[in-house]
1. Does the range A:48-56 contain any residue that is in contact (Cβ under 8 Å) with a residue 24 or more places away in the chain and farther than 22 Å from residue A:226 by Cα?
2. Of A:83, A:123, A:101, which residue is at the interface with chain B (Cβ under 9 Å from one of its Cβ atoms), more than 16 Å from ligand 2 (Cβ to nearest atom), over 23 Å from residue B:188 (Cβ atoms) and not in a helix (DSSP H, G or I)?
3. Could you pull out the residue among B:173, B:126, B:153, B:167 that is more than 24 Å from the chain's Cα centre (by Cα) and either modelled with pLDDT of 90 or more or within 30 Å of residue A:79 (Cα to Cα) (or both)?
4. Any residue that is within 16 Å of ligand 1 (Cβ to nearest atom) and within 14 Å of chain B (Cβ to nearest Cβ) - is there at least one of those in the range A:202-218?
5. Residues B:178, B:218: which one is at pLDDT 90 or above and under 30 Å from residue A:114 (Cβ atoms)?
6. Would you say residue A:114 is within 9 Å of chain B (Cβ to nearest Cβ), within 16 Å of ligand 1 (Cβ to nearest atom) and not in a loop (DSSP other than H, G, I, E, B)?
7. Here is a list of conditions, (1) farther than 12 Å from residue A:188 by Cβ; (2) more than 17 Å from the chain's Cα centre (by Cα), and residue A:147 meets all of them except one; can you say which number that is?
8. Looking at the range A:147-155, is at least one residue more than 10 Å from chain B (Cβ to nearest Cβ), assigned to a helix (DSSP H, G or I), modelled with pLDDT under 95 and within 15 Å of ligand 1 (Cβ to nearest atom)?
Ligand SMILES: Nc1ncnc2c1ncn2[C@@H]1O[C@H](COP(=O)(O)OP(=O)(O)OP(=O)(O)O)[C@@H](O)[C@H]1O
Ligand SMILES: [Mg+2]
């Protein structure tokens, strides 16, 4: 991993929420080594090796179909649900291998939360979207769950908007509100890692901005992996950036580093063209 | 400009084809509608004179030529009730197993589906013979309302399972992925997400199966019999509406007026039951409790 990045906090307009762990100190949280994924024989990722630092927002960018969602799906083993999907290599979270067959998927997915591109609240009430998973995972008593409900809704800035209608169906919220609810639902289970797959791309610019600020606020408390097509957003919100590309043959990682470096002094020619808006 | 010519000439045949298709579709609907109206109209016109409150509440006389159909209604309710009590829980469970527990697109599920479809397509007279041999004779339930209800259950179960399964498959992919990503237990997923979404579809499936059971004659001739007396227990024989119509029309000279009146009652029952799903649009998830 790169060494400490002195720019880390200064490039961000919002203050860190907590100072432990400090941003971008070389403390690897997720270590991916030689990861290859194929769907029914078609390679979707080849030989990816990267390290995601603890407490930072790490961006994943690259053209469509270069395996970004696939990488996220591997990180919490959503790939298990796809019958023809083959995953090879190693993914370690806090030094523990998560691709081993004996890994407990339930606790893995609680530690590694996932937010989807399209908001997908459960078709139950706003409160139940958060309380039902909590109860299902046996977290806290009733009082503790209600407290968690309020605190996560406050974290995503939704509390003021929905406090008076917690029992209404979640599907009646606006798209941006739904997406914030989905983030809150993910945070409620107190994950260490939050994976986000283009969380703003189904939203209008205003709602997207709210989510983007929210992601900035997650830094230091969570390790965030953010897939985005929006390079300006990657530049604004991420500390590190990984660029994926269709190399001849199969999609793979072409460059990874501190965001500023990737955008201003890219080592790879393709990256230069991509971040310059010339390709991709 | 050959392209322009080709384009403009291709417009007219297309619209002509469109017109023909439309005409065929409307024609088909008209033929079908006319057929349905004829049948329903015939039953209503000929049956309406015979139907009255006393017709519903009185015992039949002279083999059903006179009097009412009270025992027939009671027998029908018991047979159908038995059938649905068996079909709904076991069918929902089977559909859940088929759609949620077996591997999606797996061979086991495919074989089971094929089996269900074959059984669903089996002529009902075969079910009658099976029910007679199995429930009446082998299990010693004799020719009785219970045997008939169980036979009917066997007959409509495959249909009900398949309809329920398609209701369960109506859960949107995004919702399923949310359930996966949250690692909810199957129990919570079913209770709080899948079953509430599928509930209206399950109600429709139940109603459709019930209508099918109400209309059944052949399977019941052998299993509930055609005893025209008020049943005293589940193990008594009885006569259901459809068998009563059949018997009056085929075996009882001068039975036609009451056959039509009974048919009208049956038709009205199917119609009323068919209206139920229209009232069930949504069920509040926190109200539906299945444990
Ligand atoms: N469930 C699947 N079954 C088969 N192939 C898949 C599946 N999911 C993804 N793929 C293939 O894997 C490759 C990588 O897909 P992936 O969704 O990871 O790309 P992506 O970078 O997220 O693209 P986008 O930016 O459009 O979301 C693509 O070629 C895609 O067609
Ligand atoms: Mg994607």
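1. no
2. Every option except A:83 fails the conditions.
3. B:173
4. Within the range A:202-218 (the criterion being within 16 Å of ligand 1 (Cβ to nearest atom) and within 14 Å of chain B (Cβ to nearest Cβ)), the answer is yes, since at least one residue qualifies.
5. Just a single option satisfies the conditions, and that option is B:178.
6. Spelling it out, residue A:114 is indeed within 9 Å of chain B (Cβ to nearest Cβ), within 16 Å of ligand 1 (Cβ to nearest atom) and not in a loop (DSSP other than H, G, I, E, B).
7. Checking residue A:147 against (1) farther than 12 Å from residue A:188 by Cβ; (2) more than 17 Å from the chain's Cα centre (by Cα), the one that fails is (1).
8. no
The values are calculated or read from the model by the stated rules, or taken from the named source; none is laboratory data. If you're wondering where the values come from, they're calculated on a predicted model, not measured in any experiment. Quick reminder, even Gly has a Cβ in these numbers, built from the backbone with ideal geometry, and neighbours come from all protein chains shown.
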